[in-house]
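Enquirer: If you scroll down you'll find the structure; I have some questions about it.
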There are 4 protein chains.
Amino acid sequence: MSFSIGQNFRLTVYGQSHAAAIGVIIDGLPAGINFPHQAIQSALERRRPGKQTWTSRRSESDLFEIKSGIVAGKTCGAPICLEIVNHDKRSKDYAQHDHLPRPSHADYPAYVKYQGHHDIRGGGHFSGRMTAPIVMAGSLANNLLIEEGIHINSHIYAISDIKDQTIDPVQPDLDSLAQVKEKNFPVLNDDQGLAMQAAILAAKEEKDSVGGQVETVVTGLPVGLGQPLYDSCEAKLAHAMFGIPAIRGIEFGTGFAASLMRGSQHNDPYYLDTDQTIKTSTNHHGGVIGGLTTGMPLIMRVAIKPTSSIGQSQQTVNLDQSCHQELTIQGRHDPCIVPRVVPVIESMTAICLLDLLIMAGKFPV
Amino acid sequence: MSFSIGQNFRLTVYGQSHAAAIGVIIDGLPAGINFPHQAIQSALERRRPGKQTWTSRRSESDLFEIKSGIVAGKTCGAPICLEIVNHDKRSKDYAQHDHLPRPSHADYPAYVKYQGHHDIRGGGHFSGRMTAPIVMAGSLANNLLIEEGIHINSHIYAISDIKDQTIDPVQPDLDSLAQVKEKNFPVLNDDQGLAMQAAILAAKEEKDSVGGQVETVVTGLPVGLGQPLYDSCEAKLAHAMFGIPAIRGIEFGTGFAASLMRGSQHNDPYYLDTDQTIKTSTNHHGGVIGGLTTGMPLIMRVAIKPTSSIGQSQQTVNLDQSCHQELTIQGRHDPCIVPRVVPVIESMTAICLLDLLIMAGKFPV
Amino acid sequence: MSFSIGQNFRLTVYGQSHAAAIGVIIDGLPAGINFPHQAIQSALERRRPGKQTWTSRRSESDLFEIKSGIVAGKTCGAPICLEIVNHDKRSKDYAQHDHLPRPSHADYPAYVKYQGHHDIRGGGHFSGRMTAPIVMAGSLANNLLIEEGIHINSHIYAISDIKDQTIDPVQPDLDSLAQVKEKNFPVLNDDQGLAMQAAILAAKEEKDSVGGQVETVVTGLPVGLGQPLYDSCEAKLAHAMFGIPAIRGIEFGTGFAASLMRGSQHNDPYYLDTDQTIKTSTNHHGGVIGGLTTGMPLIMRVAIKPTSSIGQSQQTVNLDQSCHQELTIQGRHDPCIVPRVVPVIESMTAICLLDLLIMAGKFPV
Amino acid sequence: MSFSIGQNFRLTVYGQSHAAAIGVIIDGLPAGINFPHQAIQSALERRRPGKQTWTSRRSESDLFEIKSGIVAGKTCGAPICLEIVNHDKRSKDYAQHDHLPRPSHADYPAYVKYQGHHDIRGGGHFSGRMTAPIVMAGSLANNLLIEEGIHINSHIYAISDIKDQTIDPVQPDLDSLAQVKEKNFPVLNDDQGLAMQAAILAAKEEKDSVGGQVETVVTGLPVGLGQPLYDSCEAKLAHAMFGIPAIRGIEFGTGFAASLMRGSQHNDPYYLDTDQTIKTSTNHHGGVIGGLTTGMPLIMRVAIKPTSSIGQSQQTVNLDQSCHQELTIQGRHDPCIVPRVVPVIESMTAICLLDLLIMAGKFPV
């Protein structure tokens, strides 16, 4: 079903932006696992709105509650339900959108699909707020992966055409990547980060928005993870990433640029490392061949569109009166959501990889 | 499971490149549907090897047999099993690969995953040959979509850096696209097509290979198709596409380039067409917003890597002796698989969209 | 996953007997459906403990809250989350069971499965309390079935060897069955009901418990509902029923007694009714042949074991000290759970049938 | 989907009684497993028609072919496709049934469901012949269970009211049960077996049929197998068993008779065996409590209806002319299918238990 993801480690999310609450049911973990309360709250904090000049001013503490599944700080085998109560709901801001669909939002297709019965307040269940449950489940998964020596790190690869420092796909600098997680603006090169933030604020000044790209690197994966065909690493990750609002493309390794290369350039030759492990001297495949991990770093980039909500006047259609109408969106919105998407992408990655590990019998259930 | 895809229209594929046969079980169609024998055989012909100078010389007639599910030319409600017997198997060509993994093939991660028990002949179940069952199921699905007024058309968007003519994302020229399906080399602009073929042959001369991109346009979709979050149009299509060997990236609408735009440029304004239908004056979203179709053409591009098998000597590791070794691949292979992937992508698209239509109750079951 | 059931109408339950809350996520309903708040609360009331002399004295108001999915009294297309907060938790009653497994409870196998980390308080997620979420989802489903003219009615078929009045499987008396729903003790023949209650109280007096059987009749089903083989009506219903604690057997139509009959007796001959509909003059199949509904009343009986918790001293093993030990269960428990299981069985039946209707395209999504 | 069963060990069956072939795709086994060709063929032989005076005279050799998934006698990680070609098809025998539905067969509800397009020859995909693929997959699964020390044994518990010798549910006589597998008529007590066969022949003489019950005992299961609620051992087994044609009821342990007992009788007290393992001194639960195995023998009984096809004249309705009509079934049919169902039940049991073992991480994938 469309609100569930995963096969052996499985999430079901619920809620709308302005419902009583949003939450997630997590099924598939063994009993006796330490519940990383603080790590989950910290991950939520990374995603939370209202912290920066360039984020929405919606003020949510995003403190979560455990509804079930945890006893004495450990999993007990029952499904884990984690919930965040929605506090700061200014639902009246959205009153006009039931007949004036916002360009680039789901308003119009949702109006047709749900025959006008969908929740328009704050984007309903199409809201980016629905990624908070993902972050809760993802940071729980991530904690388990770390114990297996698997590390997921992301950085803002680009805001508009301003790019961060490049990561070596063969030997990524893990120390630098680890530091990125602690930063308010998650880039490797802080000078480029300042330029990116300037671009975001410039767009905000002009009541406009900007997009960007996020790059993710996963190290420590065993060789041969993933299944052929429809449970391949790429299939599962791509499926999950397109469940995040605003994502418009995904590529692995050299990705789209691979289509410009010759086979002799793109093929990654095998060699024996000094410790006798088999590696590839290049990593154009981004750590995945035939859907299976190669043991090299898994590398993935996603493209994020500029925020749909902008303060400029836009043309739309009045659904009640079947006529054109100018629309100026009120409410609170981020001029750029890329920084806040970073922990969501890491969470989704953790969810998919833990699912594949359990499926492969490489994680004790 | 990893060899099945789809929820309400569901396929399960079986076989290996050099197994007795390859085939597909199709479940979820109502009884009484005409079985398009000729359309399926024609679609297989588009994918078949051995036809062009730039395709593999493996000679397979790819005639399929009906094992079950069809009575008097119509579906009977039982699962449909369609099978192709493998004839031209030169398995000895592959004898060395059990200990000499080919760069860019699944050989090495599969060796680890399956502890050496996988079928190395012809790539086993990682072979591109596993896409023939997809084409059978997909052309069956496509036939049903055509009856619903839904048309799926693809063209080679690029071979290396040589690009085909651009498609108007708002008003695609359907006549031109329909003609592409009849061409041996599926491009809109035949001059560009000749340049692309020259590039392929040049690579072949140098025992090398090239990659490219395929663009797909779907027209006639109802508004509001797809589900929020994990059964979104993009999630389902991306999942399916990464089940096709050699695909390295996917984007919808303006895709990765959207990350370079401002919201005021990327947002697609709504307007009322002369027939009072609601449309967008641009189509940067490629016909999908919030996971749901907008009624505008659905537009998707995938990146395909250069063929992994090349005739040049490559460096690899001897798995038995744990030492470096040069490898020169024998056997038959395409210097470019992009043209043969085109019907596979169309098939996968048809499979996903029919599944979503059934899920939405818009197709009678 | 083990806490989810259904394919197109799908539930995911969460909670434990003494967790903060228990609840259910419901996915798969179209938008715009009226939410039957009162019907759900009434159904919960039928299942609620603490009402009768023969039920547990645990005092729960079982008032539920809507967490998501409902806007202005209608479904909005988002997943529906309904929750009941657990109030009356006397967790100390259960302190001894972490090392003294109660006979006939899941304590011991759960101890092994979860390596001692499961929630022992109130039976944790094995508790009968986990059926309250089922009743919420089921009464929502039931409300929709009623609108389609499908009626689900159950009665206590037997307590120990005391049987209720027989239902005519060909022409059940629907008026009488409808009245049963309003009764505190749901039987057709109230004299038999009094005898049953006397048997329950007699067992209670002796610190013992009794079991029984529940019979369910569904009328108004279309012909041909269900799928062959693994989504047959019986397969889906049986699967769901064995998710209810304490159920030990299920049979359809004449059931186990059919094994004593000859084919000439058991076969149900077809005839044309006065309104030209095709019926069977007997209904040994209980309205299902080959997994598909025949249009005759669907008839199902389940066997319910005597309550596991009894006040008598029982022999068990001390898991900590690996020695035998006598156990006397404290806490509150029903001497017979059969009456409280009746609404749960009706709910599960409604859930399965709505799922099959949606799957068959006979319910608008 | 309705032709697939299992989550981690998953089957998809195809075919109809008179299609070109019947077969099964098996997904979820690791590579490197020995393929038990002979054991599978032997299991098919146990199910095969045409051997006894009391079985159908349809003459099928039921020799199977491997289509994929096996290389050098071992699994290779690709899906395993096993197929049986249908040879002895007397399709003309069935010509009348497209308008004269046979009582107790799926003909009429299938006619409505499939609007007349279903395959009537030999019962199409509702035929008992669809259990041959199950036996192939099941004996493969069973072979793996035996290596884990898990043994599944069944006997004919009753034909009509003639019962076989009782099995001790606490300490079943495994030697006797193992011998039953070798018998043409699988009972413990051969005298009772002769009486049962006489009853079958007596029914045959009178152009009639008889039903019966099959009891299954599984030993060697680990404690704690199964999941709570919807993947409980009983839920999964019951789901699977009702995918076998002609099954009308299922019960575990003392089953329906448990409803007549008091808790003090039915509860199984724990004790420490001489080897310090925890056991129960009675086994009314049939080895399953709360959906989880207890380590005691798993005991299950299913009720099988008398064969639907009988030689006597029966009343039905002519679907074309909407009038009553007498029907006398031609063709070949068993007066009792109980003996042939025995290996099917064992196969289904093996399939479910292997799935649960993989799900629990207790079988290496």
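The values are calculated or read from the model by the stated rules, or taken from the named source; none is laboratory data. Only a predicted model underlies this, so the values are computations on that prediction, with no experimental measurement involved. All Cβ positions, even for glycine, are placed from backbone atoms using ideal geometry, and neighbour counts span all protein chains on display. Just so you know, the surface numbers come from the protein's heavy atoms only, side chains and all, with ligands and any DNA or RNA stripped out. Shrake-Rupley method; radii C 1.70, N 1.55, O 1.52, S 1.80 Å.
Enquirer: Kindly provide the set of residues from the stretch A:309-339 that are among the hydroxyl-bearing types (Ser, Thr, Tyr), more than 7 Å from chain B (Cβ to nearest Cβ) and surrounded by 16 or more Cβ atoms within 10 Å (Cβ to Cβ), ordered by number.
Expert: A:309
Enquirer: Then there is this: Of the conditions (1) surrounded by fewer than 24 Cβ atoms within 10 Å (Cβ to Cβ); (2) among the basic types (Lys, Arg); (3) under 29 Å from residue D:4 (Cα atoms), residue C:262 satisfies every one except a single condition; which number is it?
Expert: (3)
Enquirer: For the stretch B:108-122: of the residues being over 22 Å from the mean Cα position of the chain (by Cα) and more than 7 Å from every other protein chain (Cβ to nearest Cβ), which is surrounded by the most Cβ atoms within 10 Å (Cβ to Cβ)?
Expert: Checked the stretch B:108-122; the qualifying residue surrounded by the most Cβ atoms within 10 Å (Cβ to Cβ) is B:120.
Enquirer: A further question follows. Working only within the stretch A:316-336, note down all residues that are assigned to a loop (DSSP other than H, G, I, E, B) and under 33 Å from the mean Cα position of the chain (by Cα).
Expert: Result: A:319, A:328, A:329, A:330, A:331, A:332, A:333, A:334, A:335, A:336.
Enquirer: Also, I was wondering about something else. Taking the stretch A:128-145 as the region of interest, how many residues are open to solvent by 10 Å² or more (accessible area, probe 1.4 Å) and touching a Gly at 6+ places or on another chain (Cβ under 8 Å)?
Expert: The number of residues fulfilling the criteria is 1.
Enquirer: To continue, here is another question. Restricting to the stretch A:230-273, count the residues that are more than 7 Å from every other protein chain (Cβ to nearest Cβ), farther than 16 Å from residue B:245 by Cα, of a type outside the set (Gly, Ala, Ser) and assigned to a helix (DSSP H, G or I).
Expert: Residues that pass the stated criteria total 2.
Enquirer: Right, something else. Going by the structure shown, is residue D:153 out of contact with any Phe, Trp or Tyr (no Cβ under 8 Å at 6 or more places or on another chain) and either surrounded by fewer than 17 Cβ atoms within 10 Å (Cβ to Cβ) or farther than 25 Å from residue D:279 by Cα (or both)?
Expert: Answer is no for this residue.
Enquirer: Residues of the stretch A:156-166 being open to solvent by 40 Å² or more (accessible area, probe 1.4 Å) and within 13 Å of chain B (Cβ to nearest Cβ), which ones?
Expert: Passing the criteria: A:157, A:161, A:163.
Conditions tested, residue by residue: (1) farther than 13 Å from residue B:346 by Cα; (2) among the polar types (S, T, N, Q).
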residue: B:148; (1), (2): yes, no
residue: B:151; (1), (2): no, no
residue: B:154; (1), (2): no, yes
residue: B:158; (1), (2): yes, no
residue: B:161; (1), (2): yes, no
residue: B:167; (1), (2): yes, no
residue: B:177; (1), (2): no, no
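Enquirer: Mind listing whichever residues of the stretch C:198-207 are touching a helix residue (DSSP H, G or I) at 6+ places or on another chain (Cβ under 9 Å) and either more than 9 Å from every other protein chain (Cβ to nearest Cβ) or open to solvent by 10 Å² or more (accessible area, probe 1.4 Å) (or both)?
Expert: Once the filter is applied, which keeps residues that are touching a helix residue (DSSP H, G or I) at 6+ places or on another chain (Cβ under 9 Å) and either more than 9 Å from every other protein chain (Cβ to nearest Cβ) or open to solvent by 10 Å² or more (accessible area, probe 1.4 Å) (or both), the stretch C:198-207 yields C:200, C:206, C:207.
Enquirer: As an exercise: evaluate residue D:125 against (1) open to solvent by 20 Å² or more (accessible area, probe 1.4 Å); (2) out of contact with any helix residue (DSSP H, G or I) (no Cβ under 6 Å at 6 or more places or on another chain) and give the number of the one condition it does not meet.
Expert: Single failed check for residue D:125: (1).
Enquirer: Restricting to the stretch A:170-208, name every residue that is hydrophobic (A, V, I, L, M, F, W, C), in contact with a strand residue (DSSP E or B) (Cβ under 7 Å, 6 or more places away or on another chain) and assigned to a loop (DSSP other than H, G, I, E, B).
Expert: Scanning the stretch A:170-208 gives A:187, A:188.
Enquirer: In the stretch A:118-140, which residues are of a type outside the set (S, T, N, Q) and outside any helix (DSSP H, G or I)?
Expert: Result: A:118, A:119, A:120.
Enquirer: Follow-up. Can you work out which of the residues in the stretch B:1-38 that are within 14 Å of chain A (Cβ to nearest Cβ), open to solvent by 20 Å² or more (accessible area, probe 1.4 Å) and assigned to a loop (DSSP other than H, G, I, E, B) is nearest to residue B:144 (Cα to Cα)?
Expert: B:8
Enquirer: Assess whether residue B:306 counts as being within 11 Å of chain A (Cβ to nearest Cβ), touching a strand residue (DSSP E or B) at 6+ places or on another chain (Cβ under 6 Å) and part of a loop (DSSP other than H, G, I, E, B).
Expert: Considered against the rule, which asks whether it is within 11 Å of chain A (Cβ to nearest Cβ), touching a strand residue (DSSP E or B) at 6+ places or on another chain (Cβ under 6 Å) and part of a loop (DSSP other than H, G, I, E, B), residue B:306 comes out as yes.
Enquirer: Just wondering, is there one or more residues in the stretch A:187-197 that are aliphatic (A, V, I, L, M) and within 14 Å of chain B (Cβ to nearest Cβ)?
Expert: Checked against the condition, which is being aliphatic (A, V, I, L, M) and within 14 Å of chain B (Cβ to nearest Cβ), the stretch A:187-197 yields at least one hit.
Enquirer: For the stretch D:209-225, which residues satisfy the criterion of being open to solvent by 10 Å² or more (accessible area, probe 1.4 Å), at the interface with another protein chain (Cβ under 10 Å from one of its Cβ atoms) and assigned to a loop (DSSP other than H, G, I, E, B)?
Expert: D:222, D:223
Enquirer: A further question on this structure: Of the residues in the stretch B:265-283, how many are open to solvent by 30 Å² or more (accessible area, probe 1.4 Å), over 16 Å from residue A:325 (Cα atoms) and in contact (Cβ under 8 Å) with a residue 40 or more places away in the chain?
Expert: Total satisfying the criteria: 1.
Enquirer: Is it the case, given these coordinates, that residue B:256 is at pLDDT 95 or above, open to solvent by 10 Å² or more (accessible area, probe 1.4 Å) and of a type in the set (Phe, Trp, Tyr)?
Expert: yes
Enquirer: Also: Give B:218, B:223, B:210 a once-over and let me know the one that is within 21 Å of the chain's Cα centre (by Cα) and closer than 27 Å to residue B:358 by Cα.
Expert: B:218
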